[in-house]
Structure formats: C-alpha cells, structure tokens
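What follows is one structure encoded as structure tokens, with my remarks underneath.
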Amino acid sequence: MPIFFQHVVSESTRLGIWKIEETEAFFRGNVPQHRDVTHPHKRLQHLAGRFLLQFLFPDFPYGLVRIADTRKPYLPGDQYHFSISHCGDYAAAIVSRDHRVGIDIEIPVDKIARIAHKFLSGDEQIRFGEASHRELTRLWSAKESVFKWYGNGGVDFREMIRVDRIHQADQTLEGVFTPTQARLAIHYRDLEHLVLTWVVTEK
C-alpha cells in the first residue's frame, strides 16, 4: 500500500500523501471521476487524490463531491472539509470533520529563485533573501495552502498572504491573510524530495 506519509492532526483531522504506483483501472474501480480530465497523468493524480480521501476517513462520501465555480471541491452541507494537492507521482489530501483546511505539496526546484519576486512581497524578499530553493519552495507551498484554505479565488500571493517568520522548532510558518487579518500557523514537513504544508483553523 503506497501511503508515503500520514499524520493525525487531531481526532477529527487527518492528512496523508499517496505515492501513485497503481494503474488508472485500479482507481476507477474504487472512486468516481468528478470532472473531465483529458491528460492521462493528471487524470491519475485526480483519481488518486479522491481515493486518498476515503483512505483517511473510510466513510467519506466522495460520490457527493461537487466543484465550486472557483474550482474548489466541496461537500454540500460540509459533512467534511477537505483539500487535495498533486505533484509528480504524489497526491496529498487533508480531511477534517470540523475544521477549515488547506494542503499543498511541491517538489523543490532551482528555478523557483527566479520567480520568487512574483509571490513574495518586498518585505518578504528582504526577510528571506538568503533562502535556499527548498526554503523558497516551502514559502510558495505555504501560500498555496492558504489559498486552498480560503477557497474563494482572487488571491494576490504577494499582497494578501504574508509570512512573518519561520519557527523551525515546531515546523510552522507564522503568517497573515490580509483581507481578513486572520493570523495563521502554517505547518510544514520536509520529506525527502517533497515539501508539504497545511493549514487548519476553526470554521
């Protein structure tokens, strides 16, 4: 069973990363496809993400999943809150019965340094100016997790999601979502060739 990473955040919230080694036929036998995905690998990622939802919570009703106009998947009635991310041969998901959540996974690459100015504010570029490509990937991933946590689209990563500091001892980034001034603890894990981040807040 290719569960690459699993973490119990709380009694009501769980997350995991699935390494995709199965065929499309395997996933199609277990989960429905909720939207038309033409690219074969992206379709495999899509199906693996849906499969992981029920791996984390066996009673997750993924047959009821709907897609909002912002492309965020959701369950009518909010029986569960969830977020999915894909990267390479991996799919990640976080599921919660009673908390708002967002998750992201990334593979660190050198070229992120060339585009850091597109997602870091001027202050952040000064604050994290000596960051490695893995650390910059972590910052990008953290903002992606906040974007998914918010779920309504229309987010300027530079101006609306700010990271103030990194707490290595407890593997969190401290930040703020400026439209609501919500203070956020963005959790992270460095996992071999992957960076994982997630956000969990009260609804």
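Only one of Phe51, Phe82 is more than 20 Å from Trp149 (Cβ to Cβ) and among the aromatic types (Phe, Trp, Tyr). Can you tell me which? Please lay out each step first, then the result.
Details: Phe82 fails: more than 20 Å from Trp149 (Cβ to Cβ).
Unique residue meeting the criteria: Phe51.
Taking segment 152-175, which residues are within 24 Å of Tyr74 (Cα to Cα) and not acidic (Asp, Glu)? Quick ask: steps written out before the conclusion?
Pass one, segment 152-175, residues within 24 Å of Tyr74 (Cα to Cα): 152-157, 160-161.
Across segment 152-175, the qualifying residues are Asn152, Gly153, Gly154, Val155, Phe157, Met160, Ile161.
When the residues of segment 61-83 are narrowed to those that are at pLDDT below 85 and of a type in the set (Ser, Thr, Tyr), which ends up nearest to Asn30 (Cα to Cα)?
Ranking the qualifying residues of segment 61-83, first place goes to Tyr62.
Is it true that Ile67 is surrounded by fewer than 17 Cβ atoms within 10 Å (Cβ to Cβ), without any contact (Cβ under 8 Å) to a residue 40 or more places away in the chain and in contact with a His (Cβ under 8 Å, 6 or more places away or on another chain)? Break it down stepwise before answering.
Numbers: surrounded by fewer than 17 Cβ atoms within 10 Å (Cβ to Cβ): yes; without any contact (Cβ under 8 Å) to a residue 40 or more places away in the chain: yes; in contact with a His (Cβ under 8 Å, 6 or more places away or on another chain): yes.
For Ile67, the condition - surrounded by fewer than 17 Cβ atoms within 10 Å (Cβ to Cβ), without any contact (Cβ under 8 Å) to a residue 40 or more places away in the chain and in contact with a His (Cβ under 8 Å, 6 or more places away or on another chain) - is met.
Residue under question is Val176, and the condition is that it be aliphatic (A, V, I, L, M) and either under 22 Å from Phe82 (Cβ atoms) or touching a Cys at 6+ places or on another chain (Cβ under 6 Å) (or both); does it hold? Spell out the reasoning first.
Working: aliphatic (A, V, I, L, M): yes; either under 22 Å from Phe82 (Cβ atoms) or touching a Cys at 6+ places or on another chain (Cβ under 6 Å) (or both): no.
Criteria not met by Val176.
What tally of residues in segment 93-131 results from selecting those that are open to solvent by 30 Å² or more (accessible area, probe 1.4 Å) and in a helix (DSSP H, G or I)?
Residues flagged as open to solvent by 30 Å² or more (accessible area, probe 1.4 Å) and in a helix (DSSP H, G or I) within segment 93-131 amount to 10.
Among the residues of segment 182-203 satisfying the criterion of being at pLDDT 95 or above and open to solvent by 60 Å² or more (accessible area, probe 1.4 Å), which is farthest from the chain's Cα centre (by Cα)?
Among them, the one singled out is Arg183.
Confirm whether Arg14 is at pLDDT below 90 and either closer than 21 Å to Asn152 by Cβ or not in a loop (DSSP other than H, G, I, E, B) (or both). Working first, answer last.
Numbers: at pLDDT below 90: no; either closer than 21 Å to Asn152 by Cβ or not in a loop (DSSP other than H, G, I, E, B) (or both): yes.
Taking the combined requirement at face value, the residue does not satisfy it.
Being surrounded by 13 or more Cβ atoms within 10 Å (Cβ to Cβ), in a loop (DSSP other than H, G, I, E, B) and among the hydroxyl-bearing types (Ser, Thr, Tyr) is the filter here, so list the residues in segment 151-181 that pass it.
Thr178
For residues in segment 70-92 being under 26 Å from His193 (Cβ atoms) and in a loop (DSSP other than H, G, I, E, B), which is least open to solvent (accessible area, probe 1.4 Å)? Outline the logic, then answer.
Taking segment 70-92 first, the residues under 26 Å from His193 (Cβ atoms) are 82-92.
Narrowing further to those that are in a loop (DSSP other than H, G, I, E, B): 88-89.
Values: Gly88: 33, Asp89: 79 Å².
So the residue we want is Gly88.
The values are calculated or read from the model by the stated rules, or taken from the named source; none is laboratory data. Everything numeric here is computed off the predicted structure, so don't read it as measured data. As a convention, Cβ positions derive from the backbone with ideal geometry for all residues, glycine included, and neighbour counts pool all protein chains shown. Side chains are part of the model used for accessible areas, which takes the heavy atoms of the whole protein and leaves out ligands, DNA and RNA. Shrake-Rupley method; radii C 1.70, N 1.55, O 1.52, S 1.80 Å.
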